[in-house]
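In what follows, a structure is listed as structure tokens, so that the remarks can point back to it.
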Amino acid sequence: MEEIRVSSWAELQEQLFADSWHPELRRFRSSFAFRGRNDAGEDLRTSLLRLGGSAASVEGHLLRNFRKYAQRQDVPFDSVWNWLALAQHHGLPTRLLDWTYSPYVALHFATALPHSYDDDGAIWMVDFVQTNQLLPKPLRRAIESEGMNAMSADLLCEVAPTLADFDRLGEDFVAFFEPPALDDRIVNQYALFSLMSSPHAGLDRWVDDHAALTRRIVIPAELKAEVRDKLDQANVTERVLFPGLDGLSAWLKRYYRPRA
């Protein structure tokens, strides 16, 4: 995997938007999904793996009970993929990892915690368009037939109505899954999820095995405060990304916190 340690705001912009020009479209359209982390040392394990125990045995219990107690009107229709997206969105341990199409949203999540300013941050980047070439045939045919670059809940449901059906499609692959617009938070965060081929699979090994499709930009601790201030000036804040009083309060608390 290519790792780039930037030294300035300008260099950071160059790296975030590198290789985004598509001559055939005459457009700048990045093929990368972005994931921002406050701690550059954090791995790519899912929240389900971080929970501990047997991921395969607990996954079904978590999702089944989430569906039982959640409100039916919280999802567009009764699909495991809609429920999985909703569960991830509200903090339930799942096999999904959060990503975004927006490099600036990823930068927000790499600089949102003032107490982490002594630690390097990181932006993980995966070419989600090229990963489609590595999907099992049923998924690859489905996504190509629709001319899409990321799976949707509807498309996943057609190919694999259950998690067990999905797990039988193949081994060691990752699909990128664009969730339904469940609320303004998902929309404003320009969100998508990575979805591994089994509950116990993690992206770390996959990244190591597919280095040409992945990058990691390291944001030095000494650059974080400048990045944060410029994101605030650009209105990339908790108030926008987490609409509502909680996001507003989080933004004001951080914005007016004295600089150490």
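Below, the figures for the structure above:
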quantity	calculated
Candidate set from the range 24-55 (those that are loosely packed, with under 14 Cβ neighbours inside 10 Å and not in a loop (DSSP other than H, G, I, E, B)); member that is farthest from the chain's Cα centre (by Cα)	Arg27
Residues of the range 213-260 classified as of a type in the set (Phe, Trp, Tyr), surrounded by fewer than 18 Cβ atoms within 10 Å (Cβ to Cβ) and within 20 Å of the chain's Cα centre (by Cα), total	0
Top-ranked residue of the range 17-47 - restricted to ones that are aliphatic (A, V, I, L, M) and in contact (Cβ under 8 Å) with a residue 24 or more places away in the chain, ranked as nearest to His115 (Cα to Cα)	Ala40
Top-ranked residue of the range 133-148 - restricted to ones that are touching a residue at least 24 places away in the same chain (Cβ under 8 Å) and open to solvent by less than 60 Å² (accessible area, probe 1.4 Å), ranked as nearest to Asp208 (Cα to Cα)	Leu135
Pairs where the first residue, in the range 226-237, is part of a helix (DSSP H, G or I) and the second is surrounded by fewer than 16 Cβ atoms within 10 Å (Cβ to Cβ) and among the aromatic types (Phe, Trp, Tyr), C-beta under 9 Å, 6+ apart	Glu226/Trp9; Val227/Trp9; Lys230/Trp9; Asp232/Tyr255
For His200: the one exception among (1) of a type outside the set (Asp, Glu); (2) over 16 Å from Ala33 (Cβ atoms); (3) open to solvent by less than 60 Å² (accessible area, probe 1.4 Å); (4) touching a helix residue (DSSP H, G or I) at 6+ places or on another chain (Cβ under 7 Å)	(3)
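The values are calculated or read from the model by the stated rules, or taken from the named source; none is laboratory data. Computed from a prediction, not measured in an experiment: that's the story for all the values here. Every residue, glycine as well, gets a Cβ built from its backbone with ideal geometry; the counts of neighbours run over all protein chains shown. Surface areas here come from the heavy atoms of the whole protein model, side chains and all, with no ligands, DNA or RNA. Shrake-Rupley method; radii C 1.70, N 1.55, O 1.52, S 1.80 Å.
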